[in-house]
1. Starting from the range B:115-222, pick out the chymotrypsin sites (Phe, Trp or Tyr not before Pro) whose DSSP state is loop and whose Cβ has at most 14 other Cβ atoms within 10 Å.
2. From the Cα gyration tensor of the range A:2-120, with a ≥ b ≥ c the square roots of its eigenvalues, which class applies: rounded if a/c is under 1.5, or else prolate if a/b is larger than b/c, or else oblate?
3. For helix B:105-122, report the angle its Cα long axis makes with the longest principal axis of the Cα atoms of chain B; keep it between 0 and 90° and round to the nearest 10°.
4. With the Cα gyration tensor of chain B giving a ≥ b ≥ c as the square roots of its eigenvalues, does the rule (a/c under 1.5 for rounded; else a/b larger than b/c for prolate; else oblate) give rounded, prolate or oblate?
5. Expressed as a whole number of Å, what is the distance separating the alpha-carbon centroids of the range A:172-222 and the range B:114-175?
6. Using a cut-off of 18 Å between alpha-carbon atoms, which aspartates and glutamates can reach A:Lys176, once sequence neighbours fewer than 8 places away in the same chain are excluded?
7. Using the number of other C-beta atoms within 10 angstrom as an exposure proxy, rank A:Glu89, A:Glu68 with the fewest first.
8. What is the Cα coordinate range of the protein assembly as shown on the first, second and third principal axes, sorted by size from largest, in whole angstrom?
Protein chains: 2
Amino acid sequence: MEVLIAEDEQSIANTLLKSFAATGNHAVIVGNGEEVLDAVKKIRFDVILLDWRMPKMTGLQVCKRLRELQDQTPIILLTALTEIANKVEALNAGADDYITKPFSFEEVLARINAVLRRFQSNTNSLPFGNFILNLITHSVEMETETVKLSEKEFELLKFFLLNKGTIISKEVLCEKIWDIHYPTTTNFVEVTVKNLRKKLEDFTSQKFIRTVYGEGYIFFAD
Amino acid sequence: MEVLIAEDEQSIANTLLKSFAATGNHAVIVGNGEEVLDAVKKIRFDVILLDWRMPKMTGLQVCKRLRELQDQTPIILLTALTEIANKVEALNAGADDYITKPFSFEEVLARINAVLRRFQSNTNSLPFGNFILNLITHSVEMETETVKLSEKEFELLKFFLLNKGTIISKEVLCEKIWDIHYPTTTNFVEVTVKNLRKKLEDFTSQKFIRTVYGEGYIFFAD
DNA sequence: TGTAAAAATGAAAAACATTTCATTATTGTT
DNA sequence: AACAATAATGAAATGTTTTTCATTTTTACA
């Protein structure tokens with residue numbers, strides 16, 4: 001397991017580092033929030049432990065910033081504070097859990113494992129723009145409204161979201177969604193794209209599905 | 001949201017009860033662990049708040065017992081204790097989170113929402129017997145075969161699985177799945193039950209959906 | 001056992017989703 | 001600008017699901 005620890009108190013940092021090493025894991029220590037943001041750009045971590053009090057940015061600010069940057073790495077906040085407002089703030093800022101100091105390494109491990117357990121199983125929603133594709137209800141949700149997709153529309157949008165930013169040929173869509181080999185005699189792919197576009201445009205004027213002439217489609221969000 | 005609160009201190013219990021009502025939720029209060037075990041047999045709750053100190057059984061014991069009984073309802077422990085050992089114990093006993101007293105109602109709600117978020121995104125399948133209901137594909141899977149359910153069949157089976165072992169009236173199904181108020185002029189609930197039974201029986205001779213004459217249906221698995 | 005209420009069933013009707021098809025619009029190339 | 005290839009569209013045809021309805025079966029209870 002790859003752990004990123006943001007902690008400016010040397011003694012705590014070193015104890016954690018050794019403990020992780022002793023349990024067969026690998027930890028990287030950084031001393032402030034900016035270094036966290038740099039580190040996550042370079043390496044993928046399984047979990048991030050953020051000290052609440054740090055130089056420059058607080059753990060909370062780092063947490064918020066990471067979520068703004070669409071980073072979904074599980075975050076556990078380490079805090080010496082006990083004020084209720086902070087706990088609520090932490091959870092609402094996108095942290096997955098927090099641990100109050102003083103803590104035992106045993107507790108840290110228990111917390112991490114609990115958070116990872118939740119995370120490991122697949123997500124039930126795929127966000128894009130201001131929207132969310134709910135994989136259970138097969139509908140697109142925004143703040144106020146919800147639109148139910150037909151089955152083919154759902155599978156198409158899901159496929160686009162899992163492959164956003166890359167050109168997807170009709171041939172591939174045919175194979176993956178309809179399980180039909182190219183060439184097809186009719187244009188059901190185009191028709192389904194049209195219908196999906198229509199449903200999304202009822203929400204917004206944003207053009208998510210762009211056509212690449214002669215090659216296929218490409219999905220853009222953010 | 002349906003909340004079960006196990007709390008023997010009347011003042012705390014009443015405050016919670018009122019606060020939940022004020023936020024459009026419904027809470028049930030019980031005073032000891034045995035009543036918790038009784039209550040979950042009858043009704044499905046979205047979350048259980050367990051006081052650590054209670055007559056007869058501690059919250060921890062109740063928590064362990066519920067997990068032994070295969071009850072997966074999210075549990076949040078309410079505790080006045082601050083010893084680290086207890087926190088670890090709580091998480092290892094199968095609790096999903098804990099709140100230290102004193103707490104604000106705001107924190108309780110934030111915690112519940114955080115737990116529910118994890119819980120929901122944690123499961124994309126519901127197992128029953130030797131089968132699995134895949135919540136993403138809306139199909140029932142067994143070792144070799146797979147059957148795709150229609151939308152109503154899917155919602156019905158999902159509802160049964162989330163409420164297994166309890167009697168479910170047609171009235172409730174009508175409200176929750178069709179969003180239609182009783183009484184109905186026609187018998188679409190019975191028809192959908194019939195079709196779902198048929199699809200399940202193509203897999204197995206096991207009778208999952210039992211009729212309770214004059215009351216509704218009850219789903220049995222394991 | 002007979003009866004009335006409740007539930008199950010097969011099949012038609014209605015609503016909805018998918019696919020096909022003819023036509024129009026757009027794109028890249030000359 | 002003109003052309004051919006590709007894509008988009010509206011609407012019809014087909015297929016599937018949902019709902020309705022008439023009838024049969026099951027149940028609890030006298």
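1. B:Tyr213, B:Phe220
2. In terms of gyration-tensor shape, rounded.
3. 40
4. prolate
5. One Cα centre to the other: 30 Å.
6. Qualifying aspartates and glutamates at Cα under 18 Å: A:Glu151, A:Glu153, A:Glu155, A:Glu190, A:Glu215.
7. Going from least to most buried by this count: A:Glu68, A:Glu89.
8. So the extents along the principal axes, rounded to whole Å, are 70, 62, 41.
Every number in this text was worked out from the coordinates using simple rules, so none of it is lab data. For clarity, every value in this text was computed on a predicted model and none was experimentally measured. Heads up, the Cβs are rebuilt from the backbone with ideal geometry, glycines too, and the neighbour counts pull from every protein chain shown.
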